[in-house]
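Asker: Sharing a structure below in C-alpha coordinates format, with a few things to ask.
The values are calculated or read from the model by the stated rules, or taken from the named source; none is laboratory data. Note that the structure is predicted; figures quoted are calculated from it, not measured. Cβ sites come from the backbone with ideal geometry, for glycine too, and all protein chains shown count toward neighbours.
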Amino acid sequence: MDAFFQTYFDFTIIEDNFGYVLEGFWWTIRLSILGGILSLLWGLVLAVLRQLPGRAFAPVRWLTVAYIDGLRGIPLLLVIFLIYGGLGALASEGVIPEAIGIPRWFGLPSPFWYGTIAITLTYGAYMAEVYRAGIEAVPSGQTEAARSLGMSHGQSMRFIIVPQAVRKVIPPLLNDFIALMKDTSLVSVIGLVETVQAGRDVYSETFNASALTLGAVLFLLVTIPLARFVDWMINRQNLKVQRGVP
Amino acid sequence: MSDPIIQIGDLKKSFGELDVLTGIDLEIEKGEVVCVIGPSGSGKSTLLRCINLLEEPSGGTIRVAGTQVFGDGKPQNLDQLRREVGMVFQQFNLFPHLSATENVSLAQVKVLGRSKAEADRKSRELLGRVGLDEKADEYPDRLSGGQQQRVAIARALAMDPEVMLFDEVTSALDPELVQGVLDVMRELADSGMTMISVTHEMGFAREVSDRTIFMDGGVIVEQGPPAEVLDAPRHERTRKFLGLVLAS
(Lines give C-alpha, C1' and ligand atoms only; values in the text may rest on other atoms or scores of the structure.)
Protein backbone atom coordinates (compact mmCIF):
# COMPACT_ATOMS: atom_id res chain seq x y z
CA MET A 1 0.00 0.00 0.00
CA ASP A 2 2.81 2.30 0.87
CA ALA A 3 4.48 1.58 -2.48
CA PHE A 4 1.23 2.40 -4.26
CA PHE A 5 0.95 5.69 -2.44
CA GLN A 6 4.60 6.46 -3.15
CA THR A 7 4.16 5.82 -6.86
CA TYR A 8 1.16 8.09 -7.35
CA PHE A 9 1.27 10.59 -4.52
CA ASP A 10 4.90 11.42 -3.79
CA PHE A 11 4.46 14.96 -2.60
CA THR A 12 8.14 15.76 -2.86
CA ILE A 13 8.09 14.97 -6.55
CA ILE A 14 4.84 16.89 -7.00
CA GLU A 15 6.28 19.88 -5.21
CA ASP A 16 9.58 19.80 -7.11
CA ASN A 17 7.86 19.59 -10.49
CA PHE A 18 4.76 21.63 -9.81
CA GLY A 19 5.94 24.59 -11.91
CA TYR A 20 6.94 22.35 -14.81
CA VAL A 21 3.59 20.55 -14.96
CA LEU A 22 1.73 23.80 -14.45
CA GLU A 23 3.58 25.26 -17.40
CA GLY A 24 2.39 22.28 -19.45
CA PHE A 25 -1.13 22.82 -18.19
CA TRP A 26 -0.95 26.42 -19.33
CA TRP A 27 -0.37 25.08 -22.88
CA THR A 28 -3.34 22.75 -22.42
CA ILE A 29 -5.50 25.70 -21.39
CA ARG A 30 -4.37 27.87 -24.29
CA LEU A 31 -4.84 25.07 -26.82
CA SER A 32 -8.29 24.29 -25.42
CA ILE A 33 -9.54 27.86 -25.40
CA LEU A 34 -8.22 28.84 -28.81
CA GLY A 35 -9.07 25.47 -30.37
CA GLY A 36 -12.47 25.55 -28.67
CA ILE A 37 -13.37 29.02 -29.92
CA LEU A 38 -12.17 28.31 -33.45
CA SER A 39 -14.03 24.95 -33.52
CA LEU A 40 -17.23 26.65 -32.36
CA LEU A 41 -16.96 29.19 -35.17
CA TRP A 42 -15.83 26.74 -37.86
CA GLY A 43 -18.54 24.27 -36.83
CA LEU A 44 -21.19 26.96 -37.17
CA VAL A 45 -19.90 27.93 -40.60
CA LEU A 46 -20.04 24.28 -41.68
CA ALA A 47 -23.55 23.81 -40.28
CA VAL A 48 -24.82 26.90 -42.11
CA LEU A 49 -23.14 25.85 -45.37
CA ARG A 50 -24.83 22.49 -45.02
CA GLN A 51 -28.24 24.19 -44.79
CA LEU A 52 -27.89 26.41 -47.86
CA PRO A 53 -31.07 26.12 -49.92
CA GLY A 54 -31.70 25.41 -53.57
CA ARG A 55 -30.12 23.44 -56.35
CA ALA A 56 -27.37 25.98 -56.99
CA PHE A 57 -25.81 25.25 -53.61
CA ALA A 58 -26.00 21.47 -53.91
CA PRO A 59 -22.22 21.15 -54.58
CA VAL A 60 -21.48 23.23 -51.46
CA ARG A 61 -23.77 21.06 -49.37
CA TRP A 62 -22.22 17.92 -50.80
CA LEU A 63 -18.66 19.10 -50.10
CA THR A 64 -19.61 20.12 -46.58
CA VAL A 65 -21.12 16.73 -45.82
CA ALA A 66 -18.04 15.02 -47.29
CA TYR A 67 -15.78 17.17 -45.11
CA ILE A 68 -17.77 16.53 -41.94
CA ASP A 69 -17.95 12.77 -42.55
CA GLY A 70 -14.27 12.66 -43.46
CA LEU A 71 -12.93 14.54 -40.47
CA ARG A 72 -15.19 12.71 -38.05
CA GLY A 73 -13.98 9.45 -39.53
CA ILE A 74 -10.24 9.79 -38.97
CA PRO A 75 -8.37 9.98 -35.65
CA LEU A 76 -7.34 13.41 -34.44
CA LEU A 77 -3.85 12.00 -33.92
CA LEU A 78 -3.64 11.31 -37.65
CA VAL A 79 -4.90 14.80 -38.49
CA ILE A 80 -2.22 16.28 -36.24
CA PHE A 81 0.48 14.35 -38.10
CA LEU A 82 -1.02 15.29 -41.46
CA ILE A 83 -1.01 19.01 -40.64
CA TYR A 84 2.42 18.92 -39.03
CA GLY A 85 4.02 16.86 -41.77
CA GLY A 86 2.08 18.40 -44.63
CA LEU A 87 2.47 22.09 -43.84
CA GLY A 88 6.11 21.70 -42.89
CA ALA A 89 6.90 19.82 -46.12
CA LEU A 90 4.97 22.26 -48.31
CA ALA A 91 6.84 25.16 -46.75
CA SER A 92 10.25 23.58 -47.24
CA GLU A 93 9.38 22.88 -50.89
CA GLY A 94 8.43 26.52 -51.29
CA VAL A 95 4.80 25.74 -52.23
CA ILE A 96 3.47 27.87 -49.38
CA PRO A 97 5.22 30.71 -47.55
CA GLU A 98 7.15 29.75 -44.46
CA ALA A 99 5.01 32.05 -42.33
CA ILE A 100 2.09 29.69 -43.00
CA GLY A 101 3.95 26.38 -43.33
CA ILE A 102 5.93 26.81 -40.14
CA PRO A 103 3.70 29.20 -38.18
CA ARG A 104 5.08 31.08 -35.20
CA TRP A 105 2.26 33.58 -34.90
CA PHE A 106 2.19 35.77 -31.77
CA GLY A 107 5.55 34.30 -30.80
CA LEU A 108 4.04 30.89 -30.04
CA PRO A 109 5.81 27.76 -31.32
CA SER A 110 4.66 25.95 -34.46
CA PRO A 111 3.56 22.70 -32.71
CA PHE A 112 1.02 24.80 -30.83
CA TRP A 113 -0.34 26.16 -34.11
CA TYR A 114 -0.31 22.79 -35.89
CA GLY A 115 -2.27 21.42 -32.94
CA THR A 116 -4.72 24.30 -32.97
CA ILE A 117 -5.36 23.84 -36.69
CA ALA A 118 -5.82 20.07 -36.38
CA ILE A 119 -8.14 20.41 -33.38
CA THR A 120 -10.20 23.06 -35.17
CA LEU A 121 -10.53 20.94 -38.32
CA THR A 122 -11.64 17.86 -36.40
CA TYR A 123 -13.76 19.39 -33.66
CA GLY A 124 -15.33 21.83 -36.14
CA ALA A 125 -16.74 18.77 -37.86
CA TYR A 126 -18.09 17.36 -34.58
CA MET A 127 -19.61 20.66 -33.57
CA ALA A 128 -21.16 21.16 -37.02
CA GLU A 129 -23.20 18.03 -36.34
CA VAL A 130 -24.28 19.39 -32.96
CA TYR A 131 -25.35 22.67 -34.52
CA ARG A 132 -27.20 20.80 -37.22
CA ALA A 133 -29.23 18.94 -34.62
CA GLY A 134 -30.04 22.30 -33.03
CA ILE A 135 -31.03 23.91 -36.32
CA GLU A 136 -33.26 20.96 -37.17
CA ALA A 137 -34.88 21.14 -33.74
CA VAL A 138 -36.21 24.64 -34.42
CA PRO A 139 -39.82 24.19 -35.58
CA SER A 140 -40.39 24.77 -39.29
CA GLY A 141 -43.05 27.34 -38.40
CA GLN A 142 -40.24 29.68 -37.36
CA THR A 143 -38.76 29.65 -40.85
CA GLU A 144 -42.21 30.06 -42.36
CA ALA A 145 -42.97 33.06 -40.18
CA ALA A 146 -39.63 34.65 -41.04
CA ARG A 147 -40.11 34.05 -44.74
CA SER A 148 -43.70 35.29 -44.69
CA LEU A 149 -42.32 38.56 -43.33
CA GLY A 150 -40.06 38.85 -46.35
CA MET A 151 -36.80 37.77 -44.74
CA SER A 152 -34.28 36.05 -46.97
CA HIS A 153 -32.90 32.61 -46.14
CA GLY A 154 -29.78 34.27 -44.75
CA GLN A 155 -31.72 36.71 -42.60
CA SER A 156 -33.99 34.04 -41.19
CA MET A 157 -30.97 31.86 -40.35
CA ARG A 158 -29.10 34.72 -38.74
CA PHE A 159 -31.86 36.38 -36.75
CA ILE A 160 -34.33 33.56 -36.11
CA ILE A 161 -32.99 30.04 -36.53
CA VAL A 162 -29.37 30.14 -35.39
CA PRO A 163 -30.01 32.14 -32.17
CA GLN A 164 -32.61 29.56 -31.11
CA ALA A 165 -30.50 26.61 -32.28
CA VAL A 166 -27.41 27.76 -30.37
CA ARG A 167 -29.35 28.03 -27.12
CA LYS A 168 -30.58 24.49 -27.51
CA VAL A 169 -27.12 23.04 -28.14
CA ILE A 170 -24.97 24.80 -25.54
CA PRO A 171 -24.88 21.68 -23.30
CA PRO A 172 -23.77 19.25 -26.03
CA LEU A 173 -21.27 21.82 -27.30
CA LEU A 174 -19.79 22.04 -23.81
CA ASN A 175 -19.58 18.25 -23.72
CA ASP A 176 -17.63 18.39 -26.95
CA PHE A 177 -15.43 21.04 -25.39
CA ILE A 178 -14.59 18.70 -22.50
CA ALA A 179 -13.61 16.03 -25.01
CA LEU A 180 -11.59 18.59 -26.94
CA MET A 181 -9.70 19.65 -23.85
CA LYS A 182 -8.66 16.09 -23.10
CA ASP A 183 -7.68 15.54 -26.74
CA THR A 184 -5.25 18.46 -26.66
CA SER A 185 -2.84 16.02 -24.99
CA LEU A 186 -2.41 14.41 -28.41
CA VAL A 187 -0.47 17.48 -29.56
CA SER A 188 2.39 16.23 -27.37
CA VAL A 189 3.31 13.84 -30.20
CA ILE A 190 4.65 16.73 -32.30
CA GLY A 191 6.70 18.16 -29.49
CA LEU A 192 4.48 20.39 -27.41
CA VAL A 193 5.16 19.87 -23.71
CA GLU A 194 1.61 20.14 -22.46
CA THR A 195 0.27 18.59 -19.26
CA VAL A 196 0.62 14.92 -20.16
CA GLN A 197 4.04 15.31 -21.78
CA ALA A 198 5.26 17.27 -18.74
CA GLY A 199 4.11 14.43 -16.51
CA ARG A 200 5.81 11.88 -18.72
CA ASP A 201 9.05 13.88 -18.69
CA VAL A 202 9.06 13.79 -14.92
CA TYR A 203 8.17 10.10 -14.96
CA SER A 204 11.08 9.16 -17.19
CA GLU A 205 13.46 11.06 -14.94
CA THR A 206 12.15 9.80 -11.59
CA PHE A 207 10.35 6.58 -12.54
CA ASN A 208 7.49 7.88 -10.44
CA ALA A 209 3.94 8.71 -11.64
CA SER A 210 3.11 11.48 -9.19
CA ALA A 211 3.56 14.26 -11.74
CA LEU A 212 1.04 12.45 -13.94
CA THR A 213 -1.35 12.38 -11.00
CA LEU A 214 -0.88 16.10 -10.69
CA GLY A 215 -1.75 16.45 -14.37
CA ALA A 216 -4.92 14.41 -13.86
CA VAL A 217 -5.92 16.62 -10.93
CA LEU A 218 -5.38 19.76 -12.98
CA PHE A 219 -7.61 18.39 -15.76
CA LEU A 220 -10.31 17.44 -13.26
CA LEU A 221 -10.28 20.91 -11.73
CA VAL A 222 -11.65 22.18 -15.03
CA THR A 223 -13.61 19.24 -16.43
CA ILE A 224 -15.66 18.30 -13.36
CA PRO A 225 -17.10 21.80 -12.78
CA LEU A 226 -17.82 21.97 -16.52
CA ALA A 227 -19.62 18.63 -16.45
CA ARG A 228 -21.68 19.77 -13.44
CA PHE A 229 -22.49 23.01 -15.24
CA VAL A 230 -23.68 21.09 -18.32
CA ASP A 231 -25.95 18.96 -16.12
CA TRP A 232 -27.33 22.03 -14.45
CA MET A 233 -28.10 23.61 -17.81
CA ILE A 234 -29.80 20.46 -19.11
CA ASN A 235 -31.95 20.28 -15.98
CA ARG A 236 -32.93 23.89 -16.39
CA GLN A 237 -33.86 23.32 -20.03
CA ASN A 238 -35.92 20.25 -19.12
CA LEU A 239 -37.79 22.26 -16.51
CA LYS A 240 -38.62 24.84 -19.16
CA VAL A 241 -39.86 22.14 -21.51
CA GLN A 242 -42.06 20.74 -18.73
CA ARG A 243 -43.54 24.20 -18.25
CA GLY A 244 -44.32 24.21 -21.96
CA VAL A 245 -41.91 26.97 -22.79
CA PRO A 246 -40.56 26.73 -26.33
CA MET B 1 -63.74 48.81 -60.71
CA SER B 2 -60.00 48.43 -60.29
CA ASP B 3 -58.13 45.23 -61.01
CA PRO B 4 -58.46 42.47 -58.42
CA ILE B 5 -55.70 42.50 -55.83
CA ILE B 6 -55.31 38.73 -56.14
CA GLN B 7 -55.87 36.76 -59.32
CA ILE B 8 -55.41 33.00 -59.23
CA GLY B 9 -55.72 30.96 -62.40
CA ASP B 10 -55.94 27.17 -62.62
CA LEU B 11 -53.80 26.75 -59.49
CA LYS B 12 -52.66 23.20 -58.88
CA LYS B 13 -50.69 21.63 -56.06
CA SER B 14 -49.65 18.03 -55.57
CA PHE B 15 -47.61 16.44 -52.83
CA GLY B 16 -46.13 13.51 -54.70
CA GLU B 17 -49.05 11.39 -55.81
CA LEU B 18 -51.54 13.34 -53.76
CA ASP B 19 -53.38 16.09 -55.63
CA VAL B 20 -54.36 18.66 -53.03
CA LEU B 21 -55.47 21.49 -55.32
CA THR B 22 -56.83 20.44 -58.69
CA GLY B 23 -57.46 23.74 -60.42
CA ILE B 24 -58.44 26.82 -58.44
CA ASP B 25 -59.64 30.02 -60.12
CA LEU B 26 -60.15 32.89 -57.73
CA GLU B 27 -60.17 36.67 -57.81
CA ILE B 28 -60.16 38.82 -54.71
CA GLU B 29 -61.02 42.52 -54.84
CA LYS B 30 -59.23 45.14 -52.81
CA GLY B 31 -60.89 45.52 -49.42
CA GLU B 32 -62.76 42.26 -49.72
CA VAL B 33 -63.03 39.94 -46.75
CA VAL B 34 -63.15 36.31 -47.78
CA CYS B 35 -63.63 33.32 -45.52
CA VAL B 36 -62.69 29.87 -46.75
CA ILE B 37 -64.41 26.92 -45.09
CA GLY B 38 -64.37 23.23 -45.77
CA PRO B 39 -63.53 19.85 -44.26
CA SER B 40 -59.97 19.04 -43.26
CA GLY B 41 -57.97 17.86 -46.23
CA SER B 42 -60.04 19.98 -48.60
CA GLY B 43 -56.96 22.01 -49.57
CA LYS B 44 -58.01 25.31 -47.99
CA SER B 45 -54.82 25.80 -45.96
CA THR B 46 -52.73 24.70 -48.91
CA LEU B 47 -54.46 27.34 -51.05
CA LEU B 48 -53.56 29.99 -48.50
CA ARG B 49 -49.97 28.81 -48.25
CA CYS B 50 -49.68 28.80 -52.02
CA ILE B 51 -50.82 32.43 -52.22
CA ASN B 52 -47.67 33.62 -50.44
CA LEU B 53 -45.63 30.76 -51.84
CA LEU B 54 -44.81 29.02 -48.59
CA GLU B 55 -45.84 26.06 -50.72
CA GLU B 56 -44.68 26.15 -54.30
CA PRO B 57 -47.65 25.41 -56.57
CA SER B 58 -47.36 22.63 -59.15
CA GLY B 59 -49.00 24.74 -61.84
CA GLY B 60 -51.15 27.75 -62.65
CA THR B 61 -50.66 31.47 -62.14
CA ILE B 62 -50.87 33.86 -59.21
CA ARG B 63 -50.92 37.63 -59.59
CA VAL B 64 -50.79 39.94 -56.58
CA ALA B 65 -51.47 43.66 -56.99
CA GLY B 66 -50.99 43.37 -60.74
CA THR B 67 -47.62 41.59 -60.55
CA GLN B 68 -47.26 37.97 -61.52
CA VAL B 69 -45.68 36.14 -58.58
CA PHE B 70 -46.08 32.61 -59.88
CA GLY B 71 -46.22 31.40 -63.46
CA ASP B 72 -44.43 29.13 -65.92
CA GLY B 73 -43.94 26.71 -63.06
CA LYS B 74 -41.78 28.95 -60.88
CA PRO B 75 -42.02 31.80 -58.36
CA GLN B 76 -41.36 35.33 -59.58
CA ASN B 77 -40.98 38.61 -57.74
CA LEU B 78 -40.96 36.77 -54.43
CA ASP B 79 -39.70 39.79 -52.51
CA GLN B 80 -42.54 41.97 -53.70
CA LEU B 81 -45.07 39.25 -52.92
CA ARG B 82 -43.89 38.80 -49.35
CA ARG B 83 -44.01 42.55 -48.81
CA GLU B 84 -47.58 42.79 -50.02
CA VAL B 85 -48.97 39.75 -48.26
CA GLY B 86 -49.01 39.22 -44.50
CA MET B 87 -49.71 35.87 -42.92
CA VAL B 88 -50.92 34.72 -39.52
CA PHE B 89 -50.51 31.06 -38.56
CA GLN B 90 -52.51 28.58 -36.54
CA GLN B 91 -49.57 28.01 -34.18
CA PHE B 92 -48.70 31.75 -33.91
CA ASN B 93 -45.02 31.09 -34.68
CA LEU B 94 -43.81 34.02 -32.63
CA PHE B 95 -40.04 34.18 -32.28
CA PRO B 96 -39.54 32.88 -28.71
CA HIS B 97 -36.16 34.56 -28.21
CA LEU B 98 -37.56 38.04 -28.90
CA SER B 99 -39.93 40.24 -26.91
CA ALA B 100 -43.33 41.18 -28.32
CA THR B 101 -42.02 44.50 -29.59
CA GLU B 102 -38.90 42.88 -31.05
CA ASN B 103 -41.09 40.31 -32.80
CA VAL B 104 -42.99 43.11 -34.48
CA SER B 105 -39.96 45.30 -35.18
CA LEU B 106 -37.39 42.84 -36.53
CA ALA B 107 -38.60 42.49 -40.12
CA GLN B 108 -39.43 46.20 -40.33
CA VAL B 109 -35.76 46.93 -39.71
CA LYS B 110 -34.21 44.05 -41.66
CA VAL B 111 -36.60 43.87 -44.61
CA LEU B 112 -38.10 47.33 -44.98
CA GLY B 113 -34.99 49.16 -43.79
CA ARG B 114 -36.79 51.24 -41.18
CA SER B 115 -34.74 52.69 -38.34
CA LYS B 116 -34.97 50.88 -35.02
CA ALA B 117 -36.72 53.85 -33.41
CA GLU B 118 -39.23 54.16 -36.22
CA ALA B 119 -39.94 50.42 -36.17
CA ASP B 120 -40.38 50.34 -32.40
CA ARG B 121 -42.77 53.29 -32.54
CA LYS B 122 -44.84 51.49 -35.14
CA SER B 123 -44.68 48.24 -33.16
CA ARG B 124 -45.99 49.88 -29.99
CA GLU B 125 -48.76 51.56 -31.93
CA LEU B 126 -49.81 48.22 -33.45
CA LEU B 127 -49.53 46.37 -30.15
CA GLY B 128 -51.81 49.07 -28.74
CA ARG B 129 -54.22 48.48 -31.58
CA VAL B 130 -54.47 44.77 -30.74
CA GLY B 131 -54.90 45.61 -27.05
CA LEU B 132 -51.44 44.65 -25.80
CA ASP B 133 -49.81 47.98 -24.87
CA GLU B 134 -48.90 46.58 -21.49
CA LYS B 135 -47.32 43.41 -22.85
CA ALA B 136 -44.93 45.12 -25.26
CA ASP B 137 -41.80 43.98 -23.42
CA GLU B 138 -42.95 40.48 -22.52
CA TYR B 139 -41.53 37.38 -24.15
CA PRO B 140 -43.91 34.99 -25.92
CA ASP B 141 -43.71 32.37 -23.16
CA ARG B 142 -45.27 34.89 -20.77
CA LEU B 143 -48.26 35.50 -23.04
CA SER B 144 -51.48 33.49 -23.41
CA GLY B 145 -52.25 31.89 -26.76
CA GLY B 146 -54.70 34.64 -27.59
CA GLN B 147 -52.19 37.34 -26.74
CA GLN B 148 -49.51 35.59 -28.78
CA GLN B 149 -51.83 35.43 -31.74
CA ARG B 150 -52.58 39.14 -31.47
CA VAL B 151 -48.85 39.88 -31.42
CA ALA B 152 -48.57 37.74 -34.56
CA ILE B 153 -51.28 39.84 -36.21
CA ALA B 154 -49.45 43.03 -35.25
CA ARG B 155 -46.22 41.55 -36.61
CA ALA B 156 -47.81 40.90 -40.00
CA LEU B 157 -49.51 44.32 -40.07
CA ALA B 158 -46.22 46.07 -39.36
CA MET B 159 -45.10 45.31 -42.89
CA ASP B 160 -48.04 47.36 -44.26
CA PRO B 161 -49.35 44.49 -46.37
CA GLU B 162 -52.01 44.88 -49.02
CA VAL B 163 -53.52 41.53 -48.12
CA MET B 164 -53.66 39.53 -44.89
CA LEU B 165 -53.91 35.75 -44.85
CA PHE B 166 -55.26 34.01 -41.75
CA ASP B 167 -54.69 30.27 -41.51
CA GLU B 168 -57.09 28.84 -38.90
CA VAL B 169 -55.80 31.41 -36.45
CA THR B 170 -58.22 30.54 -33.64
CA SER B 171 -58.02 26.74 -33.93
CA ALA B 172 -55.20 26.36 -31.41
CA LEU B 173 -56.77 28.67 -28.84
CA ASP B 174 -58.69 27.89 -25.69
CA PRO B 175 -62.35 28.79 -26.27
CA GLU B 176 -62.32 31.81 -23.96
CA LEU B 177 -59.42 33.36 -25.88
CA VAL B 178 -60.98 33.09 -29.33
CA GLN B 179 -63.15 36.18 -29.07
CA GLY B 180 -60.30 38.61 -28.45
CA VAL B 181 -58.57 37.49 -31.64
CA LEU B 182 -61.79 37.60 -33.66
CA ASP B 183 -62.45 41.13 -32.38
CA VAL B 184 -59.07 42.25 -33.71
CA MET B 185 -59.82 40.63 -37.07
CA ARG B 186 -63.25 42.23 -37.21
CA GLU B 187 -61.75 45.64 -36.52
CA LEU B 188 -59.20 45.00 -39.25
CA ALA B 189 -61.94 44.04 -41.71
CA ASP B 190 -63.86 47.23 -40.86
CA SER B 191 -60.74 49.28 -41.56
CA GLY B 192 -60.79 48.10 -45.17
CA MET B 193 -58.01 45.48 -45.09
CA THR B 194 -58.21 42.81 -47.75
CA MET B 195 -58.40 39.52 -45.87
CA ILE B 196 -58.53 35.84 -46.71
CA SER B 197 -59.29 33.71 -43.71
CA VAL B 198 -59.36 29.95 -43.54
CA THR B 199 -61.59 29.34 -40.56
CA HIS B 200 -63.88 27.05 -38.64
CA GLU B 201 -65.63 30.02 -37.05
CA MET B 202 -68.94 30.00 -38.91
CA GLY B 203 -70.25 32.92 -36.88
CA PHE B 204 -67.28 35.02 -37.90
CA ALA B 205 -67.69 34.04 -41.54
CA ARG B 206 -71.36 34.93 -41.42
CA GLU B 207 -70.92 38.31 -39.77
CA VAL B 208 -67.69 39.60 -41.20
CA SER B 209 -67.03 38.10 -44.60
CA ASP B 210 -68.15 39.65 -47.87
CA ARG B 211 -67.81 36.29 -49.49
CA THR B 212 -67.66 32.76 -48.16
CA ILE B 213 -65.95 30.02 -50.15
CA PHE B 214 -66.61 26.36 -49.56
CA MET B 215 -63.80 24.04 -50.64
CA ASP B 216 -63.78 20.27 -50.84
CA GLY B 217 -61.54 17.80 -52.62
CA GLY B 218 -59.13 20.44 -53.87
CA VAL B 219 -61.70 22.59 -55.68
CA ILE B 220 -64.00 25.49 -54.86
CA VAL B 221 -67.40 23.87 -54.63
CA GLU B 222 -69.38 27.04 -54.18
CA GLN B 223 -68.96 30.65 -53.14
CA GLY B 224 -71.05 33.71 -52.56
CA PRO B 225 -72.32 36.00 -49.82
CA PRO B 226 -72.25 34.16 -46.48
CA ALA B 227 -76.00 34.32 -46.19
CA GLU B 228 -76.29 32.25 -49.34
CA VAL B 229 -73.45 29.81 -48.82
CA LEU B 230 -74.07 29.20 -45.12
CA ASP B 231 -77.84 29.45 -44.97
CA ALA B 232 -78.95 28.31 -48.39
CA PRO B 233 -76.18 26.20 -49.87
CA ARG B 234 -76.81 24.96 -53.38
CA HIS B 235 -74.51 21.96 -53.30
CA GLU B 236 -75.09 18.73 -51.51
CA ARG B 237 -71.48 18.60 -50.27
CA THR B 238 -71.81 22.04 -48.70
CA ARG B 239 -75.06 21.06 -47.01
CA LYS B 240 -73.51 17.90 -45.65
CA PHE B 241 -70.46 19.75 -44.28
CA LEU B 242 -72.51 22.52 -42.69
CA GLY B 243 -74.85 19.94 -41.23
CA LEU B 244 -71.93 18.27 -39.49
CA VAL B 245 -70.31 21.51 -38.32
CA LEU B 246 -73.44 23.28 -37.10
CA ALA B 247 -74.75 20.16 -35.38
CA SER B 248 -71.71 19.99 -33.17
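Asker: Return the total of residues in region B:140-160 being buried (at least 18 other Cβ atoms within 10 Å of the Cβ) and not in a helix (DSSP H, G or I).
Answerer: 3
Asker: Then there is this: Yes or no: region B:77-100 includes at least one residue that is more than 9 Å from chain A (Cβ to nearest Cβ), part of a loop (DSSP other than H, G, I, E, B), more than 20 Å from the chain's Cα centre (by Cα) and under 30 Å from B:MET202 (Cα atoms).
Answerer: No - not one qualifying residue is present in region B:77-100.
Asker: Something else now. Would you point out which residue out of A:SER204, A:SER188, A:SER152, A:SER210 is over 19 Å from A:GLY36 (Cβ atoms) and buried (at least 22 other Cβ atoms within 10 Å of the Cβ)?
Answerer: A:SER210
Asker: Follow-up question, since we're still on this one. Would a scan of region B:36-45 turn up a residue that is among the β-branched types (Val, Ile, Thr) and at pLDDT 95 or above?
Answerer: Yes, some residue in region B:36-45 is among the β-branched types (Val, Ile, Thr) and at pLDDT 95 or above.
Asker: Continuing with the same structure: Can you tell me which of B:ARG239, B:ARG206 is surrounded by fewer than 17 Cβ atoms within 10 Å (Cβ to Cβ), under 18 Å from the mean Cα position of the chain (by Cα) and not small (Gly, Ala, Ser)?
Answerer: Numbers: B:ARG239 fails: under 18 Å from the mean Cα position of the chain (by Cα).
So the residue among B:ARG239, B:ARG206 that is surrounded by fewer than 17 Cβ atoms within 10 Å (Cβ to Cβ), under 18 Å from the mean Cα position of the chain (by Cα) and not small (Gly, Ala, Ser) is B:ARG206.
Asker: Kindly indicate which of B:LEU48, B:LEU11, B:LEU53, B:LEU21 is on the phi < 0 side of the Ramachandran plot, outside any strand (DSSP E or B) and touching a strand residue (DSSP E or B) at 6+ places or on another chain (Cβ under 7 Å).
Answerer: B:LEU48
Asker: Cβ-Cβ distance below 9 Å, separation of 6 or more or different chains: which pairs start in region A:144-164 with a residue that is under 13 Å from A:LEU52 (Cα atoms) and within 8 Å of another protein chain (Cβ to nearest Cβ) and end on one that is hydrophobic (A, V, I, L, M, F, W, C) and not in a helix (DSSP H, G or I)?
Answerer: A:GLN155/B:VAL111
Asker: In region B:161-175, which residue that is in contact (Cβ under 8 Å) with a residue 12 or more places away in the chain and more than 11 Å from the chain's Cα centre (by Cα) is surrounded by the most Cβ atoms within 10 Å (Cβ to Cβ)?
Answerer: Filtering region B:161-175 for residues that are in contact (Cβ under 8 Å) with a residue 12 or more places away in the chain and more than 11 Å from the chain's Cα centre (by Cα), the one surrounded by the most Cβ atoms within 10 Å (Cβ to Cβ) comes out as B:THR170.
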